[in-house]
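Step one of this worksheet: look at the structure below.
The values are calculated or read from the model by the stated rules, or taken from the named source; none is laboratory data. Worth saying up front: this structure is predicted, and the values here are computed from it rather than measured. Cβ coordinates were reconstructed from backbone atoms using ideal geometry, including for glycine residues, and neighbour counts include every protein chain displayed.
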Amino acid sequence: MNLMINKNSFGYLLQDVGLIILLFCLFAGAMTVSYSDKTMMFEAVIMLIGTFFVILFSGFKLFSLSLVLAGIEVTVYTAYRLYLFLSYDTEIPFYSYVWILVPPICAAAMYMFVSGTHRLELENDILRRQVDELVVVNPLTKLYNLRSLYNDLNVLAAYAERNHMSLSLMIIVLKYEAELKSILSRQNYEHVIQRLAELVVDTVRVEDKTYSIDQKGSLAVLLTCDKEGSEIAMRRIRSRISSQDAFSGITDASIKIEVKMASLEYNKEIYENNMILFKQRVENELQYDV
């Protein structure tokens, strides 16, 4: 944790230093243009525009191209001023030296700023992926998610086999989920998913475990019973969901919430330890619930 904080602090420091240097260089360039006399105003404006292109390329993470452009700009300008000095004995003003330093420094400063941002974005992406891999609870329903279901399936299947118990998996999905999502407001749609989860949890036994397996309100229930017992549980759940007050306050009378349900009993000889296959077989049974 301390290492992550130190890395984030370094990224912010890199951004801040790069931004300060960049602003200072732009200020120096602007002041040089404003204090240039009429004879040098045109070349000062050209150099400032060239510096803007250097910054632009660095901002798009084209640092090599930015450095090349800065090098060409400085080389051409230096050669031009030396030519005037040697050929026409034209004095080189002091502020002309600003244009030798500003373009490459601006390129480096912008690169520091972009690198700090990129570093923080990369660290945040890594942290987000790590959190996603560790999270086992659906934030909407507060139920365990699909990852937890597969973990528990392996554990309970082994436990059921050792103790000669039956284990069944029930899957519940919303009928017409896409239509409900388009008809209801986002808040009411989420309330439907939450209420469905609450109804199922309240209906099944305490020892049966309910999971939220996707973002569409689909649920899975692990039951320590055989096929006949899971059929009884499905009838109870369907009766509870179809009651008039099941979704009161969320949907009106014209919108009826219905579900499709299916269950299968775990068979070691058929599925072995392939819990993905077991879940897919249960999902295939949903097509027969019309």
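Values for this structure:
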read-out: Candidate set: region 89-123, residues that are assigned to a helix (DSSP H, G or I) and acidic (D, E); chosen: the one surrounded by the most Cβ atoms within 10 Å (Cβ to Cβ); value: E123
read-out: Set L69, L3, L14, L86: member being crowded, with 18+ Cβ neighbours inside 10 Å and at pLDDT below 90; value: L14
read-out: Residue within region 250-258 that is surrounded by 14 or more Cβ atoms within 10 Å (Cβ to Cβ) and touching a strand residue (DSSP E or B) at 6+ places or on another chain (Cβ under 9 Å) present; value: yes
read-out: Residues satisfying the stated conditions in region 237-290, i.e. in a loop (DSSP other than H, G, I, E, B), free of Cβ contacts under 8 Å to residues at least 60 places away in the same chain and either of a type in the set (S, T, Y) or touching a helix residue (DSSP H, G or I) at 6+ places or on another chain (Cβ under 7 Å) (or both); value: S242, S243, A246, F247, S248, S254
read-out: Among (1) modelled with pLDDT under 90; (2) farther than 30 Å from S243 by Cβ; (3) of a type in the set (A, V, I, L, M), the one test that L153 misses; value: (1)
